[in-house]
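Accompanying notes for the structure given below.
The values are calculated or read from the model by the stated rules, or taken from the named source; none is laboratory data. Bear in mind that the values here come from a model prediction, so they are computed numbers and not experimental data. Quick reminder, even Gly has a Cβ in these numbers, built from the backbone with ideal geometry, and neighbours come from all protein chains shown. Accessible surface is based on the protein model in full, side chains and every heavy atom, while ligands, DNA and RNA are left aside. Shrake-Rupley method; radii C 1.70, N 1.55, O 1.52, S 1.80 Å.
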Amino acid sequence: MKAKRILIVEDDKMLSTIYKMFLNDLGHELIGIYSNANEAIHKCENELPDVILMDILLPGETDGITAANIIQEKYDVPIIFVSSITDEKTIQRAVCTKSYGFLVKPIDKTELGILIELAYSKHKFDKEIKIKEYRYRKLIEDSHNAVLLITNNQIEYINISGLKLFGTIHIENMLDKPIAQYIEDENATAFTNSLEDAIVKDNKIYFENIKFKTIANDYFWAKISGSVINYKNQKTIQLVVKDVTEELKTKNISSEQDNIIDNIYDGILTINLAGKIKHLNKGAEKIFETSKENVIGRNLNEVFKLSDSVFVNEKILEPVLEKGFLELKLDFNGKNGFKKVIQHTFSTLKNENKQVIGIVCYSKDLTENLLIEKKLKESEEKIEMLSLTSNDAYWDWEIKTNKVYFSPKFKEMLGYEEHELENNILEWESRLEQNDRNRVSEIIEEHLQGKIPFYSIDYQIKHKDGSYRWFTERGLAMKNELGKPYRIVGTFSDVTTYKQTQGIVNTNNANLQAIFDSNKEAIIFIDSHYKVIDFNKKAIEYAKKIIQKNISKGQKIFELLDFISESESKELFQNTIKAGVSHNLERSFETDLGTVFFELTIYPVNEGDNYSANRFCLSLFDITTQKNIEYELIETKAELKPLFESSIQRFYLCDLNYNLVAFNKAAKEIIREEFNRLIKKGDNILDYVPKEVGSNNFKDKFEAAKKGEHIVFKEKTSHKSGAKWLETHVEPISNEKGEIIRVLIWTLDITKEKMAEKALLDSQKKYYSLFSEASDAILMINDDLDILVDCNESATKIFGYTKDEFRNLKLIQLSPEIQSSGKVSLELRNQRIDSVKKGNRNHTFQWIYKRKNGETFDAEVSLSVVKIGDTNFRYAIIRDITERKNIENKLQLSEQRNRSLIQAIPDLIFVIDKNGNYRDFFSDNQKIYDVSDESIIGKNLTDFFTGAKLEEFKACISMATNSGKLQMIEYQLNSSIGLRWFEARLTALNNDEVFCLVRDINERKQN
């Protein structure tokens, strides 16, 4: 055995001399004898002994038990009490010091030797246990998952991650609380039953997804695993709680995304690298007229109905795999021989390692679009043809986007080629004669406001040659279902000639005839017998091209115009003569070019001095374009009506007396749900006003809307499904004259937005609380400027600077010039910051900082970058670990010392449990027996002993654990150096294990 360094504290000199002799005989080193407790404590400050022999009754104020407490607390040295006092009070005081033995004077040398060895070995073992417990606790405390210890269904311990998960930083908020109070009620009973069953049967605990409540009554989902451990000498449940809230959210989002993909109108297919179908959505089933069951696993050419599989490989699979992307149009022969045109977009599908694992195909049926495009093109061609064959030019203006289209005829009228004049409203405005601009704008604005149904205006516009031409512009606004104009279409007519000849029409018949013939309207003069007496060129053109008849003088007018009967013609003409006023009417008839609409004007022609009317003038004007525009507006309204009905917003249209005129489906459903009645036209809107809004309050808003105001208000209302926030709009509806005729009320559910606002506010409050109350220093730094923006109170305490002083510092001033690694702080700091910027978003490391007073300290730094708006902020959480570093250094030194002491023991050391299992093993320091750990640890006494010796060994273990007294046994056993005699000394480590020191006594036995 290795000599131990012993310190004696004894005021009896004779006994001190005896102890010295005993120690010398036992081969131990005596480092000092002291009769005073304070002197012994001072000795330990300079030189630590392996074991102290301590008398209890000592001179002075400090007795041996008090001294033992001080020495064990400061220096952790094993102490053996030596005393003749054995009263219960003294023994109880000695026990409380956790001493390593008690010898009653007079003492025996052999007992002293044994107790020194046991005290030294047990102390060493205790220190190892403490280190292991520290490491285990450190592992638990640093775990990213929550770890809880549950005893009798109450929380005995919870680590830092657990505190954060349950929404607190104070462990006292959780300790001794029933675990069931943090579990959703429906799961609490089953969970506690599982814990109790685990204690009884020593079962493992596992819950896949269980809903927990935090201290603030928020919720999170967790996965739980647990087992039974021995903690503080009783059975305890150790639970590991993993937060899977985000994981479940991700799964739900993934499921929602799969559902969205499956219900997308267009087709989506996934294909493996061999060209076989792996999956397709409902859109693909519809396009390819098949089902998943018939397609999955089949080749792509079978689904596309392509007879040539080589085409699929060469024209689809190989190009996609080579380029990663391919667009392709293919014909598809559907049922009943219907041919479809399908646009396919292929792209490669890659895993997280960028490896191509398949192909995804997005298929869109273009058939209907192509048909629509064809019809649209034909329609545009017809319009363009009419524009080319007419003297008028066509234009189309989208008010909201300010986009305009001028037909080529308009550009030709101004002397430009088509490419020389852009389709831009400014091209038209800039060419208007200065004096005409305001007048033109006012008339168009009056039309947009509904004051005039359509407009016709003459103005001068600049030609390419610099001259001004007279134009007549006609226009009609198209309006949406709310009566608001969104588009204007119309025509331009060059009336320059008409304007120039208008002044001389009374004196120059030739010019009058020219004007007559160049008029854009067909003009026919009729006598009192309804016969044609004259007509202009436009009448000839209309008759030939549209009516498809030849017009001639003397022809009855009702024979020429099939769309006016003889009786109607006579009645109209007679009324015109009698009343002396004109008549306007519209007529339509079918031609090869489609339906043609005419505006007819019949007015009397006065002759003679008395200006009596005996003739008629009939003018015809082709208003087909205008009518088509009107019908297009009607169709547009019909298309928008389903959108109104399908909207999730509730629409109520009321007259000015609060009576309902119209409402949509969403409004109908919410009234039925909240008021338990069916809404109908004519109901008073005030009957459906939520009580939180109030009828009188709503009346005020309604009356304001009647005066032209658009009212918006938000209100929290009660519903059967819970409280909801509603945003309500009350706005006026005007007719074409600008008169308010209706009030539109529509509401929008903004509950989610309000909840998000509240969550953001709560989050900001929590952040401020954590920031201001955290024990660690927190620095908030503008990452782009490397300037301190803010810090918490702990930062001012740790560093010694005020907040104002912090803001004026360069951050490098908080560090010494050189770090403990020998690297320059500035360079190393830049490396750390670069690491975070390059993707290591949360970087933890150790650093040496410098306080205001120049003192340096060790710190653990957690560095992360957060983007707020357009600015990156760097957060540094700094924890002063000076004390922890000191403890680590002491533990490291102690561990090295203990390792050296273990290695110095020449004996074999075993740790054996009460069932005879070898739990631990330390070989002799000289390695004489060449025994490995694997050949001992995990084995049982039965692997080495049999018969009576086995039973004797078991009895010694039982006696040692039950009585706590030293047990000895001698036995003979084969070893790597032959059959040898051994002596084993056993002492209890705890209720389940013994410490066994085995010495080779072969030489003693032979002697």
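Among the strands (runs of 3 or more DSSP E) confined wholly to the range 361-478, which include 1 or more residues that are in contact with a His (Cβ under 6 Å, 6 or more places away or on another chain) and at pLDDT 85 or above? Outline the logic, then answer.
Working: elements: 392-398, 403-406, 455-462.
Where strands (runs of 3 or more DSSP E) fall fully within the range 361-478 and carry at least 1 residues being in contact with a His (Cβ under 6 Å, 6 or more places away or on another chain) and at pLDDT 85 or above, they are 455-462.
Would the range 134-144 turn up any residue that is open to solvent by 60 Å² or more (accessible area, probe 1.4 Å) and at pLDDT 85 or above?
no
Name the single residue that is modelled with the highest pLDDT among those in the range 146-164 being of a type in the set (A, V, I, L, M) and more than 26 Å from residue 197 (Cα to Cα).
163
With 50, 76, 55, 25 as the choices, which residue is out of contact with any helix residue (DSSP H, G or I) (no Cβ under 7 Å at 6 or more places or on another chain) and either touching a residue at least 40 places away in the same chain (Cβ under 8 Å) or on the phi < 0 side of the Ramachandran plot (or both)? Steps first, please.
Working: 50 fails: out of contact with any helix residue (DSSP H, G or I) (no Cβ under 7 Å at 6 or more places or on another chain); 55 fails: out of contact with any helix residue (DSSP H, G or I) (no Cβ under 7 Å at 6 or more places or on another chain); 25 fails: out of contact with any helix residue (DSSP H, G or I) (no Cβ under 7 Å at 6 or more places or on another chain).
Residue meeting the stated conditions: 76.
Can you tell me which residue is farthest from residue 228 (Cα to Cα) among those in the range 152-187 that are in a strand (DSSP E or B) and open to solvent by 10 Å² or more (accessible area, probe 1.4 Å)?
So the residue we want is 178.
Name every residue in the range 324-354 that is out of contact with any strand residue (DSSP E or B) (no Cβ under 8 Å at 6 or more places or on another chain) and either open to solvent by less than 30 Å² (accessible area, probe 1.4 Å) or more than 21 Å from residue 283 (Cβ to Cβ) (or both), in order of residue number. Before the answer, list the steps.
Filtering the range 324-354 for residues out of contact with any strand residue (DSSP E or B) (no Cβ under 8 Å at 6 or more places or on another chain) gives 335-338, 352-354.
Selection gives 337, 352, 353, 354.
Among the listed residues 793, 827, which satisfies the condition of being open to solvent by 50 Å² or more (accessible area, probe 1.4 Å), under 17 Å from residue 878 (Cα atoms) and free of Cβ contacts under 8 Å to residues at least 24 places away in the same chain?
From the options 793, 827, the qualifying one is 793.
If I ask for residues that are open to solvent by 60 Å² or more (accessible area, probe 1.4 Å), assigned to a strand (DSSP E or B) and more than 24 Å from residue 673 (Cα to Cα), which ones from the range 713-748 would you list?
741, 742, listed by residue number.
Among the residues of the range 463-482, what is the count of those that are out of contact with any Asp or Glu (no Cβ under 7 Å at 6 or more places or on another chain) and over 18 Å from residue 396 (Cβ atoms)?
7
Can you tell me how many residues within the range 987-999 are in contact (Cβ under 8 Å) with a residue 40 or more places away in the chain and not in a loop (DSSP other than H, G, I, E, B)?
Summing the residues that are in contact (Cβ under 8 Å) with a residue 40 or more places away in the chain and not in a loop (DSSP other than H, G, I, E, B) in the range 987-999 gives 8.
Tell me which residues, restricted to the range 419-460, are more than 20 Å from residue 738 (Cβ to Cβ), in contact with an Asp or Glu (Cβ under 7 Å, 6 or more places away or on another chain) and among the aliphatic types (A, V, I, L, M).
421
Within the range 316-323, can one find any residue that is among the hydrophobic types (A, V, I, L, M, F, W, C), exposed (fewer than 15 other Cβ atoms within 10 Å of the Cβ) and either out of contact with any Lys or Arg (no Cβ under 9 Å at 6 or more places or on another chain) or farther than 30 Å from residue 159 by Cβ (or both)?
Yes, the range 316-323 contains a residue that is among the hydrophobic types (A, V, I, L, M, F, W, C), exposed (fewer than 15 other Cβ atoms within 10 Å of the Cβ) and either out of contact with any Lys or Arg (no Cβ under 9 Å at 6 or more places or on another chain) or farther than 30 Å from residue 159 by Cβ (or both).
Can you tell me how many residues within the range 296-315 are closer than 18 Å to residue 364 by Cβ, open to solvent by less than 80 Å² (accessible area, probe 1.4 Å) and either of a type outside the set (A, V, I, L, M) or modelled with pLDDT of 85 or more (or both)?
The qualifying residues number 1.
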